[in-house]
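A short write-up of the structure that comes next.
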Amino acid sequence: MIPHLCSSRGIHENVLINTLFSHLGRIRIDPEILLYSNFPPAEPDVSNLKSLCLYGNRRIRFTSESFSPNSKAYVQEAGKVLNRLESWFAHCCYGGFAEDDQAILCCVRQAWGAAMSHYCDQSFSTKTMVNECCEMEESEKYDCFQKQAPNPYYQPLSGYVAPQIPSDMSFIWDTENC
């Protein structure tokens, strides 16, 4: 178990870095590390917007080599959601879509909602382990994810620089729905 790694601010960074990186510098995914330290991501709000945009390249990303062949499907899907969401956040924060903090916040909130809905849809369609939040009604679902978020302020991982992950352009920001 790894709950002892969690603190009120997030993960004890040295333990996480040592756990994630092998002598070759590749990430080794332990499903509990992934689930307890990064997933689900917090709902964007005024209190975390600055960190969310500023430190995107210093939060964990997952490449295809990050997962062993024995990794459970729900762990791989959670990693894909985090990658997708970080890509969408980057588009909202720096892609020229939004011009001020209020617009950026609207964009990242929509991205977060779309990513979490997609995660739930994937969980049900592949019959993987379903997060309890996915089984709730829409409004309760997002509150549930928010309560479970281990890093609500999107704090960076000290000394970590995210690998390049292909950009995901499937998110379309609805400027009329802010």
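Quick note: the coordinates plus some simple rules give every number you see, no bench work behind them. Since this is a predicted model, take the numbers as computed values, not measurements. Please note: Cβ atoms are built from the backbone with ideal geometry, for glycine as well, and neighbour counts cover all protein chains shown.
Miscellaneous remarks
- With the simple spin-label model, which puts each label point 7 Å out from Cα in the Cβ direction, the Val46 to Glu140 separation comes to 2.9 nm.
- Computed from backbone phi, the HN-Hα couplings of segment 73-80 come to 4, 5, 6, 4, 5, 4, x, 5 Hz, rounded to whole numbers (Karplus: 6.51 cos²θ - 1.76 cosθ + 1.60, θ = phi - 60°; Gly and Pro given as x).
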